[in-house]
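**Student:** Have a look at the structure that comes next, please.
The values are calculated or read from the model by the stated rules, or taken from the named source; none is laboratory data. Quick caveat, the model's predicted, so the values are computed rather than measured. Here the Cβ positions follow ideal geometry from the backbone for every residue, glycine too, while neighbour counts run over all protein chains shown. Note: accessible area is taken over every heavy atom of the protein model, side chains too, but ligands, DNA and RNA are not part of it. Shrake-Rupley method; radii C 1.70, N 1.55, O 1.52, S 1.80 Å.
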Amino acid sequence: MVKIAQKLIVSMPYILEAMRLNIVNYSSLARLLKEDLERISGRKLSAGAAKVAVFRAAKSLLEDYTPPETFSRALRGSELHVIDGLSVLAVETGEREALLEALSHVRGAKFLQAVHGVTAFTVIADEEVVSELLARVSSRSVLQYLRAQAAIILTGPPDILVTPGIVSRLAMSLSSRGINLTEVLSSYRDVIFVINRSDVGRALEILRSLLEVIGGTSR
């Protein structure tokens, strides 16, 4: 039962963060999770048994939780940059070779990222570059074409490479405030969030506030 409770808590990272801050009422949390605990385990639970399972799960999870000072060190001195005027093109993987050939001739792009997934090959680049790529593929293979996108790039110190939970914490700070993340990428010490251009101002404010709270600085 404890393992089930752990899985449920991990699926709600905001609750895990609240537990770390010691602001969780475990009786209320147990009531919230009781129905799912019973559904997954196939057993009926008393309120007391649910609370014990949740409390033990929380204790175990907190033992592995990244300490606040580690987050602070990993993000201290981070800088924020914005690249505007981007588009996102996702096509079926069968078009990969055509796009790779086209990308090999691209020069002077201010931003260019290509991601090869299981179901799609995605390119995020300057609007002009993506427009040219779009003309090289079959319209039937296009899965997604988004314009008016921007990239917010957080560049951190070397510790950002080895600190668990950095990307998820940054992403949660944005998504919990209603910012839709078109793509989330990383490149060495850069964490990259591709979002709609209209959300850039609010996203920057959120990330700057987060960096200030944990002791970092941003420019």
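**Student:** Please work out which residue is nearest to Asp84 (Cα to Cα), limiting yourself to the stretch 178-198 and to residues that are open to solvent by 10 Å² or more (accessible area, probe 1.4 Å) and not in a strand (DSSP E or B).
**Tutor:** If we take residues in the stretch 178-198 being open to solvent by 10 Å² or more (accessible area, probe 1.4 Å) and not in a strand (DSSP E or B), then Arg197 is nearest to Asp84 (Cα to Cα).
**Student:** What are the residues in the stretch 102-123 that are of a type in the set (A, V, I, L, M) and either assigned to a strand (DSSP E or B) or surrounded by 12 or more Cβ atoms within 10 Å (Cβ to Cβ) (or both), if any?
**Tutor:** Ala102, Leu103, Val106, Ala109, Leu112, Ala114, Val115, Ala120, Val123
**Student:** Let me ask something else about it. Hey, can you tell me all the residues within the stretch 1-31 that are surrounded by 14 or more Cβ atoms within 10 Å (Cβ to Cβ), within 27 Å of Leu174 (Cβ to Cβ) and of a type in the set (A, V, I, L, M)?
**Tutor:** Leu8, Ile9, Ile15, Leu16, Ala18, Met19, Val24, Leu29 - these are the residues of the stretch 1-31 that are surrounded by 14 or more Cβ atoms within 10 Å (Cβ to Cβ), within 27 Å of Leu174 (Cβ to Cβ) and of a type in the set (A, V, I, L, M).
**Student:** Collect the residues in the stretch 83-115 that are touching a Lys or Arg at 6+ places or on another chain (Cβ under 8 Å) and over 18 Å from Ile152 (Cα atoms), keeping them in residue-number order.
**Tutor:** Ala98, Leu99, Ala102
**Student:** Of everything in the stretch 145-174 that's within 13 Å of the chain's Cα centre (by Cα) and exposed (fewer than 14 other Cβ atoms within 10 Å of the Cβ), which residue is farthest from Val82 (Cα to Cα)?
**Tutor:** Pro164
**Student:** Run down Val82, Val88 and say which single residue is farther than 30 Å from Val24 by Cβ and buried (at least 16 other Cβ atoms within 10 Å of the Cβ).
**Tutor:** Testing whether each residue is farther than 30 Å from Val24 by Cβ and buried (at least 16 other Cβ atoms within 10 Å of the Cβ) leaves just Val88.
**Student:** Any residue in the stretch 135-155 that's of a type in the set (Gly, Ala, Ser) and in a helix (DSSP H, G or I): show its pairings with residues that are open to solvent by 10 Å² or more (accessible area, probe 1.4 Å) and modelled with pLDDT of 95 or more at Cβ separation under 7 Å, as long as the two are six or more apart or on different chains.
**Tutor:** Ser141/Glu92
**Student:** Let me ask something additional. Between a first residue in the stretch 8-23 that is under 19 Å from Leu210 (Cα atoms) and a second residue that is open to solvent by less than 60 Å² (accessible area, probe 1.4 Å) and among the basic types (Lys, Arg), which pairs have beta carbons less than 9 Å apart while being 6 or more apart in sequence or on different chains?
**Tutor:** Here the result reads Pro13/Arg169; Glu17/Arg169, each pair linking the stretch 8-23 to a residue that is open to solvent by less than 60 Å² (accessible area, probe 1.4 Å) and among the basic types (Lys, Arg).
**Student:** Only one of Val130, Val213, Val142 is farther than 17 Å from Leu80 by Cα and surrounded by fewer than 16 Cβ atoms within 10 Å (Cβ to Cβ). Can you tell me which?
**Tutor:** Details: Val130 fails: surrounded by fewer than 16 Cβ atoms within 10 Å (Cβ to Cβ); Val213 fails: farther than 17 Å from Leu80 by Cα.
It is Val142.
**Student:** Which numbered condition in (1) in contact with a helix residue (DSSP H, G or I) (Cβ under 8 Å, 6 or more places away or on another chain); (2) touching a residue at least 40 places away in the same chain (Cβ under 8 Å); (3) among the polar types (S, T, N, Q) is the only one that Thr119 fails?
**Tutor:** Every condition holds for Thr119 apart from (2).
**Student:** So which residues in the stretch 32-78 are touching an Asp or Glu at 6+ places or on another chain (Cβ under 7 Å), open to solvent by less than 100 Å² (accessible area, probe 1.4 Å) and free of Cβ contacts under 8 Å to residues at least 60 places away in the same chain, if there are any at all?
**Tutor:** Leu45
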